[in-house]
Amino acid sequence: MDTTWLTAAQAAEHATHARRLLSAGAAAVTRATIRDWVRRQHLEPAGLAEDGRTHLYRLSDVAQAERATRARALRLVGIPEQ
């Protein structure tokens, strides 16, 4: 089980890094993107930080959401998934 939990800012940083490794010139993932993934049910908060307000996300869930949204974006522009 993945025990690495990230804030939205950390999740955005991780997803941006993954995208840029896989696609040169890929757009950055922002905290707003993370919130949008949650709204569109691509990502679900895994818990709350000690402050009781900040959502935390599992690293593996962030990676899965990034992969799924990237694959969809590529399909929309006619690039087959590799």
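The values are calculated or read from the model by the stated rules, or taken from the named source; none is laboratory data. It should be emphasised that the depicted structure is a prediction, and the values quoted were computed from it without experimental measurement. Neighbour counts are summed over all protein chains in view; Cβ atoms, including those assigned to glycine, are modelled from backbone coordinates with ideal geometry.
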Taking segment 46-64 and the residues there that are outside any helix (DSSP H, G or I) and among the hydrophobic types (A, V, I, L, M, F, W, C), the one that is nearest to ALA26 (Cα to Cα) would be LEU56
Of ARG19, ARG75, ARG67, the only residue that is exposed (fewer than 14 other Cβ atoms within 10 Å of the Cβ) and either without any contact (Cβ under 8 Å) to a residue 12 or more places away in the chain or part of a helix (DSSP H, G or I) (or both) is ARG75
With criteria (1) loosely packed, with under 11 Cβ neighbours inside 10 Å; (2) at pLDDT 80 or above, THR4 comes up short on (1)
For segment 24-45, the count of residues that are within 13 Å of the chain's Cα centre (by Cα) and part of a loop (DSSP other than H, G, I, E, B) equals 10
Within segment 46-79, restricting to residues that are among the hydroxyl-bearing types (Ser, Thr, Tyr) and farther than 20 Å from SER23 by Cα, the one that is nearest to the chain's Cα centre (by Cα) is TYR57
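Residue by residue, here is whether (1) touching a residue at least 40 places away in the same chain (Cβ under 8 Å); (2) loosely packed, with under 13 Cβ neighbours inside 10 Å holds:
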| site | (1), (2) |
| --- | --- |
| ALA11 | yes, no |
| ALA15 | yes, no |
| TRP37 | no, no |
| ARG40 | no, yes |
| ARG58 | yes, no |
